[in-house]
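Engineer: Handing you this structure, nothing more for now.
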Amino acid sequence: MPAAPPADRQQCDVLVVGGGPAGSTTAAVLAEKGWRVTLLEKERHPRFHIGESLLPHNLPLFKRLGVLEQVDAIGIKKPGVDFTAALEVSGYHEFKFSFALDKSQPYAYEVRRSEFDNLLLRNSAAKGAQVIEGVRVTRVEFPAGGDPVVQAVDEQGRECSWSCRYFVDATGRDTLLSKKFDLKRKNRHHASAAIFGHFLGVDRRAGEDAGNISLYWFQHGWFWMIPLKDGSMSVGAVCRPEYLKQRKNSPPEFLMQTIALAPQEMRHRMRNATLMDNMARATGNYSYQSTRMRGERYIMVGDAFAFIDPVFSSGVLLGMSSGMMGAEAVDVWLREGPAAAESRFRHFERMVLRGVETFSWFIWRFNSPGMRYLMLQPGNPFRVQEAVISLLAGDVYRDIGARSRFWLFKFFYLMFSLKFPRESFRLWLLRVRNPRVAFTGGTTPLDER
């Protein structure tokens, strides 16, 4: 007869660890279905997080969670993405989400992630989840035939424990279960680093384009400019690690030094810019994917399973989508048992992998000459441009004609890459030789913690 659990061990149906978009979405959906859900978050919200730019296909998820109006209140509408026409030429090419194959999602939002993540976390509590902040999980065990058991410690150093019928790992880049079971596999050929800050006094696009995210290529990588509702602008550079290893000064000075290398139009837009709080932050992109995303009584959602880019707009969509699909599968498991839920879990796995693989293809080639040429020479043969916009808008889980046309886009990419063989080979070689970088000096380290 199994030993009785300790009297102070708390119990729930589902324990979610991690209060980012993936964890909050999972907890909200399962709590709404009537399950006893506990969500543990190691930090206290609101807290800073990178990734302010969202995608149009986040909006159906916001509606499903009942937070669309709240997101609209804290965000600025983002009708599309624009690219500088050339390195030293004014003007830009714009890709509007309204040009996608499905015209029903014509915009997204730009948000401060501290506000956005806090909104989602509070929504999960409003749906009925027990949200406990300032609690760090130290151990997870999965007894054979028994309920998962979690050990944790709070901010005062007090130990606490839970048992649950089902466990959801939403720990993001902490990758709790992936590390525990040795599932994490890094992509050694795709490493980049970003340095960024928030600025006041940056020129925005005129009229309807004011909410666009603007992207600029330069010799060491590419810049983003993301307008926020309070009038500030998130500005950052995604660079190869070898460039950031050259830093000899403070992070704010290095950020301004890097911006000085930007194309003329970007520099002109920042001629009156002031770095807020003289604060520059940094993060590293060391892409990884786990060899599986579920096991006996657990699933991994969002970055806990795979991480492909720290600043590309795909992260929140992939996290929330996997959380929602995972929650639906867990609900069936709790109600009807493992056999009935198996097809739901397989669907969850297929869709998550489809999303990760689609965005990965774009991200890993974004700085290549073939991709630059295609983005700066827009055309729509066989409606390929519409299909690509559909995928980049987040329409990656269904097929309305985008996926077949995506293969044609890949062919075009290959042809134009062959047009620039020397530069394409050079960039490939740099990816293979990517060094690891530690960005110290009071900012977030670039190497994985």
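The values are calculated or read from the model by the stated rules, or taken from the named source; none is laboratory data. No experiment lies behind these values; they were computed from the predicted model shown. A quick note on method: Cβ atoms are made from the backbone with ideal geometry, for glycine too, and the neighbour counts reach across all protein chains shown. Side chains included, ligands, DNA and RNA excluded: accessible areas come from the protein's heavy atoms. Shrake-Rupley method; radii C 1.70, N 1.55, O 1.52, S 1.80 Å.
Engineer: Let me know the shape class of segment 346-394, please: from the alpha-carbon gyration tensor, a ≥ b ≥ c as square roots of the eigenvalues, rounded when a/c is under 1.5, otherwise prolate if a/b is greater than b/c, or oblate.
Structural biologist: Taking the square roots of the gyration eigenvalues as a ≥ b ≥ c, segment 346-394 is oblate.
Engineer: Rounded to a whole number of µm²/s, how large is the Stokes-Einstein D of the chain at 10 °C and 1.306 mPa s, given Rh as the Kirkwood radius over C-alpha pairs? Each step should come with its number before you reach the end.
Structural biologist: Numbers: Rh = 22.8 Å.
The diffusion coefficient I find is 70 µm²/s.
Engineer: With Cβ to Cβ distances under 13 Å as the rule, what net charge do the other residues near Gln246 carry (K, R +1; D, E -1)?
Structural biologist: Charge balance in the 13 Å sphere: +2.
Engineer: Now for a separate question. Please go through the residue pairs Lys103/Lys229; Lys78/Lys127; Lys96/Lys184 and name each one whose alpha carbons sit more than 31 Å apart in this structure.
Structural biologist: Working: Lys103/Lys229 25 Å; Lys78/Lys127 28 Å; Lys96/Lys184 36 Å.
Result: Lys96/Lys184 exceed 31 Å.
Engineer: Calculate the length of the line joining the C-alpha centroid of segment 372-392 to that of segment 172-235, in whole Å.
Structural biologist: 22
Engineer: Karplus couplings for segment 196-207 from phi (6.51 cos²θ - 1.76 cosθ + 1.60, θ = phi - 60°), rounded to Hz, Gly and Pro as x?
Structural biologist: My calculation for segment 196-207 gives 7, x, 10, 10, 10, x, 8, 5, 9, 5, 7, x Hz in order.
Engineer: State in Å² the accessible area per residue of the chain; use a 1.4 Å probe, count heavy atoms of protein chains only, and round to the nearest integer. Show your work: numbers first, answer last.
Structural biologist: Values: 19060 Å² over 449 residues.
Result: 42 Å² per residue.
Engineer: Starting from the Cα of Lys186, draw a straight line to each of the lysines and keep only those under 26 Å, dropping any in the same chain fewer than 8 residues away.
Structural biologist: Partners within reach: Lys42, Lys245, Lys410.
Engineer: Could you calculate, for segment 260-307, the ratio of the Cα radius of gyration to the Kirkwood radius, expressed as Rg to Rh?
Structural biologist: 1.32
Engineer: So if R0 is 25 Å, what FRET efficiency would Ala260 and Phe420 give, r being the distance between their Cβ atoms, rounded to the nearest 0.05? Let's see the in-between values first.
Structural biologist: Working: r = 26 Å, r/R0 = 1.05.
Computed FRET efficiency for Ala260 and Phe420 comes out at 0.45.
Engineer: Let me ask another. Where does the chain land at 222 nm, in deg cm²/dmol rounded to the nearest 500, when only DSSP H runs of n ≥ 4 count, each adding -39500 (n - 2.57), divided by all residues?
Structural biologist: -11000 deg cm²/dmol
Engineer: So the label point goes 7 Å from the Cα of Lys179 along Cα→C-beta, right? Which residues of segment 133-148 then have their backbone N under 19 Å from it?
Structural biologist: Under cut-off, by backbone N: 134-142.
Engineer: Same structure, new question: Given N residues in segment 335-431, what is its alpha carbon radius of gyration divided by 2.2 N^0.38 Å?
Structural biologist: For segment 335-431, the normalised Cα radius of gyration comes out at 1.37.
Engineer: What's the extension gain from His347 to Glu242 if we count 0.36 nm per residue and subtract their Cα-Cα distance? Kindly include the intermediate steps, with their values, before the conclusion.
Structural biologist: On the way: separation 105, 0.36 × 105 = 37.80 nm, distance 4.00 nm.
Working it through step by step, the gained length comes to 33.8 nm.
Engineer: If you don't mind, there's one more thing I want to ask. Going through segment 271-334, which trypsin sites (Lys or Arg not before Pro) have at most 15 other Cβ atoms within 10 Å and a DSSP loop state?
Structural biologist: Arg271, Arg292
Engineer: Net charge near Leu391, counting Lys/Arg +1 and Asp/Glu -1 over other residues with Cβ under 14 Å of its Cβ? Numbers along the way, then the final one.
Structural biologist: Working: positive: Arg354, Arg365, Arg383, Arg398, Arg403, Arg405, Lys410; negative: Asp102, Glu357, Glu386, Asp395, Asp399.
Here the charged neighbours net out to +2.
Engineer: Quote the relative contact order of segment 84-240 in percent (integer), defining contacts as alpha-carbon pairs under 8 Å separated by 6+ residues.
Structural biologist: Details: 185 pairs, mean separation 26.2, N = 157.
This gives 17 percent for segment 84-240.
Engineer: Quick one: if you stick a label point 7 Å off each Cα along the C-beta vector at Arg335 and Met279, how many nm between them?
Structural biologist: Modelled inter-label distance: 4.4 nm.
Engineer: Helix 421-432 versus the longest principal axis of the chain: what is the Cα-based angle in degrees, 0 to 90, to the nearest 10?
Structural biologist: Its long axis makes an angle of about 30 degrees.
Engineer: Right, here's the next one. Net charge around Gly146, counting only other residues with Cβ within less than 11 Å of its Cβ (Lys, Arg = +1; Asp, Glu = -1)?
Structural biologist: Combined, the nearby Lys, Arg, Asp and Glu give -1.
Engineer: Still on this structure, please answer the following. For the chain, with all protein chains present and a 1.4 Å probe, just round the carbon and sulfur fraction of the accessible area to a whole percent.
Structural biologist: Exposed carbon and sulfur together represent 52 percent of the surface.
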